[in-house]
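Note sheet for the following structure.
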Amino acid sequence: MGRLAERLGIDPDVLAECGQREQTRSDHLRLVAGYLGWKSAPAGSTAMKELEQFLLDRAMEHDSPTLLFNLATEYLMAAKTIRPGVTTLAKMVAAARTGATALTWEKVAHLLTDQLRADLDRLLVYDAGLKMTRLAWLIKAATDPSATSVKTAIDKLLYLRNMDAHTLDVSALAAERRRFLASVGRRSTNQALERREPQRRYPILLAVVTQSAVDQVDEVVMLFDQAVSARESRAKSKTDEALVERAKAGEARQLLLDVILPVLADTSIPDEQIGGLLRNTIGMSRLREVVSEGWKKLPRDHGRLSALHASYTYLRQFTPQVLAAIDFQGSTGTADLMEAVAILKRLNESGGRKVPEGAPTSFVPTRYAEYLAKARKDGDETAYRHYWELCVVLALRDGLRSGDIFVPGSRRYADPATYLYTPEQWAPRRADFCKLVRKPANAAEAIEQGKEELGAALAQLEQTLAAALPDDTGAVRLDEDDQLVIPPLSAEDVPGEVKELKAELTGMLPFAPIASLLIELDVRTGFLDCFTHAGGRKQARSADLKRNILSVLIANATNLGLARMSEACGIPYDVLRWTQEWYVREETLREANTCLVNHHHGLALSKVFGGGTMSSSDGQRFPVRGKSTTARDMTVHGGQVLSSYTHVSDQHSTFGTKIIVPGAREAHFVLDDFLGNATDLPLFELKEWGMLRRTLHAAKYLSDPAYSRKIARQLNKGESLHALRRDLYYAQQGTVTKPALADQTDQAWCLTVLTNAVITWTTEYYSLAARQLRAAGRDVPDELLAHISPAHSENVNFFGVITVDVEAELDGGGWRPLRPVAAEAMSI
């Protein structure tokens, strides 16, 4: 009343008795609601029925009464509907929870036979052998790729199969309901599940075992891959160490050769005098010492398979069980390998020791073939079996990685053919694709075109080498021995004005908290609209929901975590947890990132940075706390780390992210997000691969300074983004604390989204600052701007109390004012 009196310019005491009558209050409420466009929701109205359906849908996703109540109030506010009384709304929440439970039970009750109920009940019984319940055992993820972990994963898989979990059809429940129930089962304590009534407990446990039946297949195959690879890496390390020691031991022999060869090459020394001369010159004691050391010829692989053979017993602890439990299948060209796998399975089952005559060996690499040949020649059937079995296991591992081998029912190791277009689907798309990559639709024409390009590139390289002098240390050249010499690329000659211009532009950028920066970008890009509900249902976008999504993004990207973020921004933890579970996932993060990259690509200054046609890929190491299947100990990084593999365009935007094991070859992942690029970036410069293209690239790099400089600039852009990610990912000393790959992947994508947000925001304000300088008469050429990186975080605050106010207003129609240009800068 005081504010109303102030607006009316009257004494507040005049309005003291206003509103005491109930009718007056009702009339005023009706008038205010009508003026603001709000509507009431009486019992039985359409609005109340829509609210009931909304609550039922949300109750199928989450069981927290408090959260459901808060979601209902947000829904009503977004729909501009006057909230009913608290008691009424609380009763509606309770009814929705009851309805969700009844509906779920109705859909799965036919599956819950007496035997299955007994099996599910046993999940909650403490097992003295396991020292935990079967449920806790099932949901406990492996933390290292050891033989014990592989066998435990197989035990879990067989346990689930004995329950027929892999055959249970729960598709009657919506996917989001199954995910929610499984999530509840994984997070709930054993006591909490036991206290639930059967109509709620059994669907939860059913969802856990059906989801685990699929996940466990992937875990077994992944651990098999990593365990075999770990032993192969150990064998490689031992081989490398042995080669070093061999080189040291061979130094004495090399010194003898330095004495012997000149004597042998001297034709003036009679043949009959050579022996005596060498013995006198070298000395018999030294000759006998070197001869006594022995010197065996190394096999073609330098002894790596022999070193791996030392781990044969270790690998046998789990490889027979893996072959028996997993249905490996092969695509075209793997018939011999699949026959060998079948033979090995039969040998394991029967206890046979001898590999049958005629067993396939075509999959054995040439570098290992001599081991089999020698064992067969010597009649050593045991050695032949061991080496042949090792080759089968390695080939199976390689086939899984390449996609030649797949596992039916797996998510991660599914048949790659299921992801490809059929010939009928490809035919209408072929012309557009070939036009996009600027290549002929006819394969023969494309190969001929490549040959012509290669001929031109090699001719240019020949000219470069012919023009370079042997003593020209700064040029690609042939030395006196006709050996190719590639000198380090010299530092780029960057104009001196670039540093001054960057400092000036940076000084004009406004300061912004990270939350405000994201809110501002959403106004111009709408990237938050990409975070759709996991159930696929659309709902009114409230400011509170956007606030929650932004808070989850910041919590993950800065490594604060949801608990610390809740303290920093004041949003309840369970609200953030629910938002992350249902809105912030890899699918929506990819879409939001694409939205930011496309917006950035459309900026005029981005075209100055690059055409968006070039890409570089690199892994960035992050320390890991605790055990994780993606982490490896690396001495150079001071402990356990994982690798976040990113794809960066020449416009400084990141369009792909993947978590990989740091010891893995990054080349295996280079095409993943490149070929799956969903952004507007016209990445055609690296759209091809293969021996011909690699040779063409190498020739062009060596002969064309502009091309090699362009690649160096692109690599520098990637390094600058590494530094920006380090700045963003500051909490907990930048250490990854989540052990599961799925959680690590989501967090990596959150970091990528925030990195692109900072890049986009900085590019926009660099553009405004450059425009202002030009309007003041300054000459700001694009040639200088091209050398300035937007990977700049000094103007963005990531720390302290985080206020996420989506409805906050910005000056200038959504833009922040630039800071004034320094007087000395204007006088330049």
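The values are calculated or read from the model by the stated rules, or taken from the named source; none is laboratory data. Bear in mind the structure is a predicted one, so any value in this text is a computation, not a measurement. Here Cβ is always computed from backbone atoms with ideal geometry, including for glycine, and neighbour counts include all displayed protein chains. Areas reflect the complete protein model, heavy atoms only, side chains present, ligands, DNA and RNA absent. Shrake-Rupley method; radii C 1.70, N 1.55, O 1.52, S 1.80 Å.
Does VAL523 satisfy the criteria of being surrounded by fewer than 18 Cβ atoms within 10 Å (Cβ to Cβ) and among the β-branched types (Val, Ile, Thr)?
yes
Which of the residues that make up segment 565-605 are buried (at least 22 other Cβ atoms within 10 Å of the Cβ) and aromatic (Phe, Trp, Tyr)?
TRP578
Please specify each residue of segment 651-670 satisfying the condition of being surrounded by fewer than 22 Cβ atoms within 10 Å (Cβ to Cβ) and farther than 17 Å from PRO623 by Cα.
If the condition is that a residue be surrounded by fewer than 22 Cβ atoms within 10 Å (Cβ to Cβ) and farther than 17 Å from PRO623 by Cα, then ARG665, GLU666, ALA667, HIS668, PHE669, VAL670 are the ones that fit.
Take the residues in segment 729-743 that are in a helix (DSSP H, G or I) and touching a Ser or Thr at 6+ places or on another chain (Cβ under 6 Å), then tell me which one is most open to solvent (accessible area, probe 1.4 Å).
Taking the candidates together, the pick is LEU741.
Tally the residues that are crowded, with 17+ Cβ neighbours inside 10 Å and either hydrophobic (A, V, I, L, M, F, W, C) or in contact with a Phe, Trp or Tyr (Cβ under 6 Å, 6 or more places away or on another chain) (or both), restricting the search to segment 333-368.
11
Tally up the residues in segment 1-37 that are touching a helix residue (DSSP H, G or I) at 6+ places or on another chain (Cβ under 9 Å) and within 29 Å of ALA78 (Cα to Cα), please.
Of the residues in that region, 4 qualify.
Scan segment 529-536 and tell me whether some residue there is in a helix (DSSP H, G or I) and over 30 Å from PRO781 (Cα atoms).
Yes: one or more hits.
Step by step: first the residues of segment 162-188, then only those that are among the small types (Gly, Ala, Ser) and assigned to a helix (DSSP H, G or I), then the one that is nearest to ALA109 (Cα to Cα). Which residue is that?
Checking each candidate, the answer is ALA165.
Touching a strand residue (DSSP E or B) at 6+ places or on another chain (Cβ under 9 Å), among the acidic types (Asp, Glu) and without any contact (Cβ under 8 Å) to a residue 60 or more places away in the chain: does that describe ASP432?
No; evaluated as a whole, the condition is false for this residue.
From GLU453, GLU500, GLU448, grab the single residue that is charged (D, E, K, R), within 30 Å of ARG778 (Cα to Cα) and out of contact with any strand residue (DSSP E or B) (no Cβ under 9 Å at 6 or more places or on another chain).
GLU500
Of all residues in segment 782-828, how many are modelled with pLDDT of 60 or more and assigned to a helix (DSSP H, G or I)?
The qualifying residues number 5.
Which condition number in (1) open to solvent by less than 40 Å² (accessible area, probe 1.4 Å); (2) closer than 19 Å to VAL125 by Cα; (3) touching a residue at least 24 places away in the same chain (Cβ under 8 Å) is the one that ARG186 fails?
(1)
Restricting to segment 139-154, name every residue that is in contact (Cβ under 8 Å) with a residue 60 or more places away in the chain, part of a loop (DSSP other than H, G, I, E, B) and not acidic (Asp, Glu).
Listed by number, the residues that qualify are ALA141, ALA142, THR143, PRO145, SER146.
Condition first: more than 25 Å from the chain's Cα centre (by Cα) and hydrophobic (A, V, I, L, M, F, W, C). Now tell me which residues in segment 497-516 satisfy that.
Within segment 497-516, VAL498, LEU501, ALA503, LEU505, MET508, LEU509, PHE511, ALA512 meet the criteria.
Taking the conditions exactly as written (over 34 Å from the mean Cα position of the chain (by Cα) and open to solvent by less than 70 Å² (accessible area, probe 1.4 Å)), does LEU458 satisfy them or not?
It is false that LEU458 is over 34 Å from the mean Cα position of the chain (by Cα) and open to solvent by less than 70 Å² (accessible area, probe 1.4 Å).
How many residues are under 29 Å from the mean Cα position of the chain (by Cα) and either open to solvent by less than 70 Å² (accessible area, probe 1.4 Å) or more than 29 Å from PHE406 (Cα to Cα) (or both) when one looks only at segment 418-446?
So the answer is 4.
Tell me whether segment 538-551 contains one or more residues that are open to solvent by 50 Å² or more (accessible area, probe 1.4 Å), at pLDDT 90 or above and more than 30 Å from VAL624 (Cβ to Cβ).
Scanning segment 538-551 turns up at least one residue that is open to solvent by 50 Å² or more (accessible area, probe 1.4 Å), at pLDDT 90 or above and more than 30 Å from VAL624 (Cβ to Cβ).
Considering segment 461-481 alone, what residues qualify as being among the small types (Gly, Ala, Ser) and open to solvent by 60 Å² or more (accessible area, probe 1.4 Å)?
ALA466, ALA467, GLY474
Would you check if there is a residue in segment 83-106 being of a type in the set (Phe, Trp, Tyr), in contact (Cβ under 8 Å) with a residue 40 or more places away in the chain, more than 22 Å from LEU545 (Cα to Cα) and open to solvent by less than 80 Å² (accessible area, probe 1.4 Å)?
There is at least one residue in segment 83-106 that is of a type in the set (Phe, Trp, Tyr), in contact (Cβ under 8 Å) with a residue 40 or more places away in the chain, more than 22 Å from LEU545 (Cα to Cα) and open to solvent by less than 80 Å² (accessible area, probe 1.4 Å).
Only residues that are out of contact with any strand residue (DSSP E or B) (no Cβ under 9 Å at 6 or more places or on another chain), among the small types (Gly, Ala, Ser) and under 19 Å from GLU581 (Cα atoms): list them for segment 725-771, please.
Listed by number, the residues that qualify are ALA740, ALA742.
Considering each of GLY409, GLY450 in turn, give the residue that is in a helix (DSSP H, G or I), open to solvent by less than 80 Å² (accessible area, probe 1.4 Å) and not basic (Lys, Arg).
None of the other options fit; the residue is GLY450.
Taking GLU194 and the conditions (1) surrounded by fewer than 17 Cβ atoms within 10 Å (Cβ to Cβ); (2) more than 21 Å from TYR126 (Cα to Cα); (3) in contact with a Lys or Arg (Cβ under 9 Å, 6 or more places away or on another chain), which numbered condition does it fall short on, given that it satisfies the others?
Condition (2) is where GLU194 drops out.
Could you tell me how many of the residues in segment 120-138 are open to solvent by 20 Å² or more (accessible area, probe 1.4 Å) and either in a helix (DSSP H, G or I) or hydrophobic (A, V, I, L, M, F, W, C) (or both)?
Selection size over segment 120-138: 9.
Can you find a residue that is of a type outside the set (S, T, N, Q), on the phi > 0 side of the Ramachandran plot and modelled with pLDDT under 90 anywhere in segment 731-740?
Among the residues of segment 731-740, not one is of a type outside the set (S, T, N, Q), on the phi > 0 side of the Ramachandran plot and modelled with pLDDT under 90, which makes the answer no.
Considering only segment 504-515, state which residues are under 24 Å from THR588 (Cα atoms) and surrounded by fewer than 22 Cβ atoms within 10 Å (Cβ to Cβ).
PRO513
I'd like to check which helices (runs of 4 or more DSSP H) are fully inside segment 557-621 and have at least 3 residues that are of a type in the set (Val, Ile, Thr).
586-601
If I ask for residues that are buried (at least 22 other Cβ atoms within 10 Å of the Cβ) and outside any strand (DSSP E or B), which ones from segment 631-649 would you list?
ALA631 - this is the single residue of segment 631-649 that is buried (at least 22 other Cβ atoms within 10 Å of the Cβ) and outside any strand (DSSP E or B).
So for segment 632-644 (the condition being within 18 Å of LYS717 (Cα to Cα), of a type outside the set (Phe, Trp, Tyr) and touching an Asp or Glu at 6+ places or on another chain (Cβ under 7 Å)), does at least one residue qualify?
no
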